[in-house]
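The values are calculated or read from the model by the stated rules, or taken from the named source; none is laboratory data. Values in this document were obtained by computation on a predicted structure and should not be read as measured data. Every residue, glycine as well, gets a Cβ built from its backbone with ideal geometry; the counts of neighbours run over all protein chains shown. Ligands, DNA and RNA are excluded from the accessible area calculation, which covers all protein heavy atoms including side chains. Shrake-Rupley method; radii C 1.70, N 1.55, O 1.52, S 1.80 Å.
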Amino acid sequence: MGDRETYRFPFAAFPAVRIMLLMMAGIVMAIYIKMSIVGSLMLFVAVLFIWGLFEFYIRNIKPLAGGHISSLFYLLTIISASLYLYQSQEYLANSLLNHAAPVQLFEWENAAISGVVRSAGRSGSGRPVFDMDIQTTIFENHAEWKQPYKMRLYDNSDDHYQIQTGDVVHAEIRFYALPERRNPHEFDYGKWLRDRGIAAHGELLTRKHIDYGRRLNWGPFRAYVQRNADLLFDKEFAGLAKALLLGYKDELTPDTRLEFARSGLSHIMAVSGLHVGFIVAPFWLLIPFLWGSQKGKWFGLILLTLLLTGYAGLTGFSPSVTRASLMAWLITYGKLFHKVRNSINLTAVAAIIILLINPRQLFGIGFQLSFSAVFIILLLMPQTQRLIPYKYRYGYLGGFISIILVSVVVQVGLFPVLIYYFGEFSIIGPVANAMVVPLLSLTVPAGLMFSLSAPLAPGFFHIVAIPVQYSLYWIHSVAHSLGSYHFSYLTFGHTPVSLFFVWLSCVFLITSLRIPLIRWKMLILLLISLNFMFLELAQKKTGFNLLEVTFLDVGQADAIHIQTPGGKHLLIDAGRWSPMSNSGDRILLPYFEHLGIHRLDAVILSHPHADHIGGMPALLENMEIGKIYQSDYNYDSVLYQTMMNLAQQKNIPIEYPVAGDMIDVDPALRLFVVGPEKNAPLDRNPNNHSVALKIYYGNTSFLFSGDAEGSQEARIAGRYGEFLKSDLYKAGHHASNTSSTEYFMKFVEPEITVASLAFRNGFGHPGRDAVTRIHQFSEKQKYTSLEGAIRVVSDGNRIWRE
């Protein structure tokens with residue numbers, strides 16, 4: 001019997017892929033390995049020295065062993081070099097932020113600044129936004145500061161074209177406080193700014209002087225094309241034209257962006273390889289006329305370089321355009337000069353160049369989506385196109401089917417990435433792309449050419465641009481029609497980490513279908529990955545029998561979400577209401593949507609004040625609620641009556657628990673009602689009729705007293721005494737001096753006390769006396785005003801902060 005045939009992956013054919021993966025490994029390791037910049041440099045030098053020793057000395061003495069060890073340290077050299085590259089850039093960025101830290105002491109104060117605009121755009125609310133390199137700052141006390149730093153400025157002017165990239169601006173500004181992430185579902189805008197090296201942000205009050213275009217930059221050219229788009233197209237479609245041609249999405253409404261995302265068409269506004277292909281396609285027709293002579297080849301390469309650089313500059317050098325432009329350049333270079341042209345390798349080269357320039361790009365969603373999509377297409381499309389009958393494969397019908405297949409491959413191939421970042425997955429995308437993408441091959445180059453040439457003959461180009469406007473109308477209509485229905489997309493909550501391994505296994509399996517020697521190995525890998533995913537999902541579902549309690553930061557109000565060991569969801573109080581907003585729309589609904597929660601099994605309202613029921617109308621309108629438990633205090637307010645009417649319309653049962661009752665939600669929990677007392681003395685203050693709860697889970701306990709003040713606390717303590725002893729206590733009445741009295745607290749004696757309140761409020765909370773008592777009787781004190789949302793977890797034996 002002969003030796004069994006084996007398959008060896010041809011690593012030598014993909015050197016760039018190998019280097020790219022090793023660079024990514026080194027950058028990821030830099031996140032988790034806590035090492036100083038000097039330590040990472042010494043590691044790199046040591047590994048490099050050992051590699052050189054084995055490669056150039058020991059390998060000559062012992063070729064086999066020396067060669068293997070040399071190869072190992074070659075790989076480690078790339079990893080350690082990438083680790084050092086990332087940490088050195090992080091060190092430099094953090095040093096600049098630390099040197100600029102003093103400006104954060106001047107929040108809400110005015111200053112005069114001078115600096116260079118690095119980028120210009122619009123915020124989500126439509127305000128002009130400028131990122132600037134500040135060179136000089138003069139504070140209100142006339143102190144001049146020469147420390148350079150980066151700042152983001154927001155303008156209220158309607159003419160956002162007046163200031164462009166490269167302009168030197170002298171202006172009066174007001175510093176804002178750097179925002180913090182206050183709740184689990186919220187975007188951490190402050191961290192986003194810091195990750196970009198921005199040390200401060202504020203409002204542009206007065207423009208004193210602007211020096212236009214002192215430097216060579218793309219800002220004025222980009223603004224020129226944007227202004228021409230405003231002239232060429234109706235106002236309704238000018239924003240879409242800028243998004244489609246330049247990737248400038250700042251003028252699109254949130255609803256429009258959402259419709260494009262849910263219809264699977266958001267990628268056409270990302271300006272990626274699709275757009276670069278349309279721009280470069282006419283140039284490729286010239287290649288047969290250029291490769292006949294050496295001068296023609298170089299002329300063609302220079303022409304292509306100018307074309308790609310110009311378009312990348314117009315689009316702001318986004319990762320997708322940079323990647324596509326690099327690939328197009330490398331492919332064209334290979335075609336002109338008859339070099340090896342391996343698309344997978346060239347894509348890896350583009351990734352290496354981008355990571356060398358900025359290793360942080362690896363963690364950017366644009367980089368991840370762009371390169372994932374390209375690799376998915378390159379790996380899966382050769383197999384997928386075999387589904388097209390051979391007689392149609394190379395005709396017009398085959399081309400149309402290929403468009404649909406590419407859309408399916410990309411949508412399905414990016415499934416885990418899309419649901420991880422966005423929580424939604426478009427299932428109508430292939431249909432929408434088949435209706436739109438063929439039009440783009442003419443719309444993109446024609447629209448860009450007309451936008452560049454419009455000032456030469458405005459009337460003429462306005463007429464010839466009419467077909468492009470009809471195309472924009474059609475694209476918008478498709479996105480609106482298909483993206484506004486719930487059937488067009490799926491919503492997901494938690495994304496298991498193991499799903500990414502299942503995803504990779506599927507890609508490898510499909511890629512290896514025509515290689516019998518490894519496809520069964522890939523199938524086994526897929527089955528193992530599926531088992532790990534099912535195990536993770538089962539673990540998540542059981543939650544290891546954990547009780548999770550989240551004190552949401554709703555300002556001067558209460559809202560506490562409890563997830564029981566059995567997967568039930570309780571809400572104690574619903575935040576505040578004001579004429580401008582309410583906690584339901586602003587915080588609670590986005591929070592529950594982020595977690596994939598659509599039903600609350602019980603809502604417990606301590607009492608009917610607006611800072612405890614403020615979000616209820618929004619919750620009643622948008623979520624399924626099993627039952628409402630609330631105080632029996634008869635309260636007269638429009639908000640309270642609105643809530644009661646909505647609950648009645650939706651047939652939601654309402655109960656009025658009193659001391660001695662138990663609330664049955666989850667068999668693993670015991671919920672004892674300790675207040676209000678039945679037939680309690682009449683008190684005109686609703687706070688003293690608060691529903692107060694003692695919750696037991698295993699050997700751990702929690703006490704929630706609503707806004708109970710001294711008189712109700714005295715009645716509760718007099719009746720229950722030592723029973724009130726709890727591991728965690730939610731401070732009554734937002735840590736007011738009228739609550740958490742000494743007589744009450746000596747029975748509770750919690751390990752942890754949590755107070756929910758706003759940092760700035762008109763009530764003087766937390767009260768100094770209350771803080772003193774809380775500190776006296778509890779080991780740990782937490783305030784949402786200082787820390788944002790606070791989440792604690794119990795396994796039935798102990799409680800810890802998550």
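Annotations for the structure displayed:
- Residue in the range 322-334 that is hydroxyl-bearing (S, T, Y), touching a Phe, Trp or Tyr at 6+ places or on another chain (Cβ under 8 Å) and assigned to a helix (DSSP H, G or I) present: yes
- Subset of the range 45-88 [open to solvent by 60 Å² or more (accessible area, probe 1.4 Å) and among the polar types (S, T, N, Q)]: N60, S71
- S407 crowded, with 20+ Cβ neighbours inside 10 Å and of a type in the set (S, T, N, Q): yes
- Candidate set: the range 415-470, residues that are small (G, A, S) and surrounded by fewer than 20 Cβ atoms within 10 Å (Cβ to Cβ); chosen: the one nearest to L231 (Cα to Cα): G459
- Selection within the range 577-634: residues that are of a type in the set (S, T, N, Q) and surrounded by fewer than 22 Cβ atoms within 10 Å (Cβ to Cβ). The member of this set that is nearest to Q556 (Cα to Cα) is S578.
- Subset of the range 495-508 (residues that are assigned to a helix (DSSP H, G or I) and open to solvent by 30 Å² or more (accessible area, probe 1.4 Å)): F500, F501, W503, L504, C506, F508
- For the range 509-560, filtered to residues that are aliphatic (A, V, I, L, M) and closer than 30 Å to D611 by Cα, the residue that is surrounded by the fewest Cβ atoms within 10 Å (Cβ to Cβ) is L546.
- Filtered residue count, the range 682-706, keeping only those that are among the acidic types (D, E) and surrounded by fewer than 13 Cβ atoms within 10 Å (Cβ to Cβ): 0
- Residues that are of a type in the set (G, A, S) and over 20 Å from G566 (Cβ atoms) were ranked within the range 652-681; the one that is surrounded by the fewest Cβ atoms within 10 Å (Cβ to Cβ) is G660.
- Residues in the range 306-321 that are open to solvent by less than 50 Å² (accessible area, probe 1.4 Å) and in a helix (DSSP H, G or I): L308, G310, Y311, A312, G313, L314, P319, S320, V321.
- Out of A717, A735, one residue alone is of a type outside the set (S, T, Y) and either touching a Lys or Arg at 6+ places or on another chain (Cβ under 8 Å) or under 20 Å from F672 (Cα atoms) (or both). It is A717.
- Entry remark, the range 688-705: residues being assigned to a strand (DSSP E or B) and either at positive phi or not small (G, A, S) (or both) number 9 in total.
- Yes/no for V271 being outside any helix (DSSP H, G or I) and either modelled with pLDDT under 80 or among the basic types (K, R) (or both): yes
- Residue among D234, D230 that is modelled with pLDDT of 85 or more, of a type outside the set (S, T, N, Q), more than 29 Å from the chain's Cα centre (by Cα) and open to solvent by 70 Å² or more (accessible area, probe 1.4 Å): D234
- Of all residues in the range 655-669, those satisfying the criterion of being assigned to a loop (DSSP other than H, G, I, E, B) and touching a strand residue (DSSP E or B) at 6+ places or on another chain (Cβ under 9 Å) are Y656, P657, V658, A659, G660, D661, D664, V665, D666, A668, L669.
- Residue within the range 471-493 that is open to solvent by 30 Å² or more (accessible area, probe 1.4 Å), free of Cβ contacts under 8 Å to residues at least 40 places away in the same chain, under 30 Å from P455 (Cα atoms) and over 28 Å from the mean Cα position of the chain (by Cα) present: yes
- When the range 763-789 is filtered for residues that are touching a residue at least 40 places away in the same chain (Cβ under 8 Å) and open to solvent by 80 Å² or more (accessible area, probe 1.4 Å), only F763 remains.
- Restricting the range 107-120 to residues that are open to solvent by 10 Å² or more (accessible area, probe 1.4 Å) and closer than 30 Å to T315 by Cα, the residue that is modelled with the highest pLDDT: S114
- Listed by first and then second residue, the pairs with beta-carbon distance under 8 Å, at least 6 apart or on different chains, first residue in the range 85-109 and in contact (Cβ under 8 Å) with a residue 40 or more places away in the chain, second outside any helix (DSSP H, G or I) and of a type in the set (K, R), are L96/K150; A100/K150; W108/R174; E109/R174.
- Segments classed as helices (runs of 4 or more DSSP H), wholly inside the range 729-802, with at least 3 members that are touching a helix residue (DSSP H, G or I) at 6+ places or on another chain (Cβ under 8 Å) and not small (G, A, S): 742-748, 768-777
- Those residues of the range 723-747 which are surrounded by fewer than 23 Cβ atoms within 10 Å (Cβ to Cβ) and either free of Cβ contacts under 8 Å to residues at least 24 places away in the same chain or among the hydrophobic types (A, V, I, L, M, F, W, C) (or both), in sequence order: F723, F747
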